Amino acid sequence: MGFFDFMTEDIAIDLGTANTLIIHNDKVVIDSPSIVARDRVSGKIIAVGKEANMMQGKTHENIKTIRPLKDGVIADFDASEKMLTMFIKSIPALKKKLFQPALRMVICIPSGITEVEMRAVKESAERVNGKEVYLIHEPMAAAIGIGIDIMQPKGNMIVDIGGGTTEIAVIALGGIVCDKSVKIAGDVFTNDIVYYMRTQHNLFVGESTAEKIKITIGAALEDLESAPEDMSVQGRDLLTGKPKQVDVSYREIAKALDKSIQRIEDAVMETLSQTPPELAADIYNTGIYLAGGGSMLRGLDKRISQKTDLPVYIAEDPLRAVVRGTGMTLKNIPKYRSILIK
């Protein structure tokens, strides 16, 4: 193996519906939206990541923006492969190499994924020069990234709210004891906001604007201790067809998101009700950990805490918890052999 070791680079990938993150040499080298822009005529990919994200909703008929992942799984194989290739090619340390090194990679996948979808991820990885490809379930990676010692005979509950899916899992002894994957997450929140603006304000806003609203004033509770300022939102008036601006408060967004958050709460409750009693006892003491971008919704931790009567903690830098955990397994593959899917 000697010579090949020298040629092999290790990378950890969190291939997300909304964002793709890549760790190389313990550093997050890629943190970009999972989106590509394709030229309809030539079929070439003209932009990827942040650049393509700026184009979203503003394209003419010759450019199409594609989000290759939907609900946490690959929806457009060709586009996802090209996106991965472009991301990997733009890793600074790999650019300097004379020829493309073989890659050893760990990629995380949703826990509710089918065999076929799993194979799609693996094949994508192999086609971008992945010689050794391991997969890891997202809640596992999130737990490791949060800093939980997952090998202990102790129950921990993880709720990872991503872009396409919310992954809920109870983890003990290096395995997932019970889990639930629901397709209600960041993207659904964004669509809720689009719908709310249209029905309540007669204002038609695009996805990018709705996403901005979510990040700026998004909330899960209607009364927050430190309330964000109202936000001015611009869009198209559905009655007159003219561009217009309205002011929106976080309370309205909390109303708009209420139904979807309820469904996440229900999934959490259901997972708790399936947890073996010994682990339930552990969780009573350790509480629930939130990871993923959705956990940054103001007041969500408090709301889940009120629903479950358990302490709820948000991971530090929740957007990167999963990729951090994925990166940690790379450094010690023998130790984590049991949780990696070959």
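The values are calculated or read from the model by the stated rules, or taken from the named source; none is laboratory data. Here the structure is a predicted model, which is why all the values come from computation and not from measurement. Cβ: placed from backbone, ideal geometry, glycine included. Neighbour counts: every protein chain shown. Accessible surface areas use protein heavy atoms only, side chains included; no ligands, DNA or RNA. Shrake-Rupley method; radii C 1.70, N 1.55, O 1.52, S 1.80 Å.
Hey, could you check the stretch 178-202 for residues that are over 18 Å from Ile217 (Cβ atoms) and among the basic types (Lys, Arg) and say which is least open to solvent (accessible area, probe 1.4 Å)?
Lys180
Take the stretch 25-44 and flag every residue that is over 20 Å from the mean Cα position of the chain (by Cα) and within 14 Å of Val323 (Cα to Cα).
Asn25 - this is the single residue of the stretch 25-44 that is over 20 Å from the mean Cα position of the chain (by Cα) and within 14 Å of Val323 (Cα to Cα).
In the set Ile217, Ile184, which member is in contact with a Ser or Thr (Cβ under 6 Å, 6 or more places away or on another chain) and closer than 14 Å to Ala256 by Cβ?
Exactly one of Ile217, Ile184 is in contact with a Ser or Thr (Cβ under 6 Å, 6 or more places away or on another chain) and closer than 14 Å to Ala256 by Cβ, namely Ile184.
Grab the helices (runs of 4 or more DSSP H) fully contained in the stretch 296-342, keeping just those with 1 or more residues being within 18 Å of the chain's Cα centre (by Cα).
300-308, 321-331
Just the residues that are part of a strand (DSSP E or B) and among the charged types (D, E, K, R), please, taken from the stretch 169-183.
Result: Asp179, Lys180.
Kindly indicate whether any position in the stretch 81-101 is closer than 21 Å to Ile176 by Cβ, open to solvent by 30 Å² or more (accessible area, probe 1.4 Å) and either outside any loop (DSSP other than H, G, I, E, B) or touching a Lys or Arg at 6+ places or on another chain (Cβ under 9 Å) (or both).
No; the residues of the stretch 81-101 include none that is closer than 21 Å to Ile176 by Cβ, open to solvent by 30 Å² or more (accessible area, probe 1.4 Å) and either outside any loop (DSSP other than H, G, I, E, B) or touching a Lys or Arg at 6+ places or on another chain (Cβ under 9 Å) (or both).
Just to verify a result, which residue in the stretch 137-168, among those that are assigned to a loop (DSSP other than H, G, I, E, B) and in contact with a Lys or Arg (Cβ under 7 Å, 6 or more places away or on another chain), is surrounded by the fewest Cβ atoms within 10 Å (Cβ to Cβ)?
Checking each candidate, the answer is Gly164.
Of the residues that make up the stretch 152-175, is at least one in contact with a Cys (Cβ under 8 Å, 6 or more places away or on another chain), at pLDDT 90 or above and within 30 Å of Leu310 (Cα to Cα)?
Within the stretch 152-175, one or more residues are in contact with a Cys (Cβ under 8 Å, 6 or more places away or on another chain), at pLDDT 90 or above and within 30 Å of Leu310 (Cα to Cα).
Take Glu225 and tell me if it is without any contact (Cβ under 8 Å) to a residue 12 or more places away in the chain, acidic (Asp, Glu), over 22 Å from Glu138 (Cβ atoms) and not in a helix (DSSP H, G or I).
So Glu225 passes the test.
Across the stretch 62-80, which residue is farthest from Gly293 (Cα to Cα) among those that are open to solvent by 50 Å² or more (accessible area, probe 1.4 Å) and assigned to a helix (DSSP H, G or I)? Lay out the reasoning, then the answer.
Filtering the stretch 62-80 for residues open to solvent by 50 Å² or more (accessible area, probe 1.4 Å) gives 62, 64, 67, 70, 75, 77-78.
So of that shortlist, the ones also assigned to a helix (DSSP H, G or I) come out as 77-78.
Details: Phe77: 24, Asp78: 26 Å.
Filtering the stretch 62-80 for residues that are open to solvent by 50 Å² or more (accessible area, probe 1.4 Å) and assigned to a helix (DSSP H, G or I), the one farthest from Gly293 (Cα to Cα) comes out as Asp78.
Thr59 - would you say it is open to solvent by 10 Å² or more (accessible area, probe 1.4 Å), among the β-branched types (Val, Ile, Thr) and farther than 30 Å from Asp26 by Cβ?
On the way: open to solvent by 10 Å² or more (accessible area, probe 1.4 Å): yes; among the β-branched types (Val, Ile, Thr): yes; farther than 30 Å from Asp26 by Cβ: yes.
Yes, satisfied.
Does at least one position in the stretch 219-229 carry a residue that is open to solvent by less than 20 Å² (accessible area, probe 1.4 Å) and either of a type in the set (Phe, Trp, Tyr) or in contact with a helix residue (DSSP H, G or I) (Cβ under 9 Å, 6 or more places away or on another chain) (or both)?
Initial filter on the stretch 219-229 (open to solvent by less than 20 Å² (accessible area, probe 1.4 Å)): 219-220.
Add one more test, that the residue is either of a type in the set (Phe, Trp, Tyr) or in contact with a helix residue (DSSP H, G or I) (Cβ under 9 Å, 6 or more places away or on another chain) (or both), and what stays is 219-220.
Yes, the conditions are met somewhere in the stretch 219-229.
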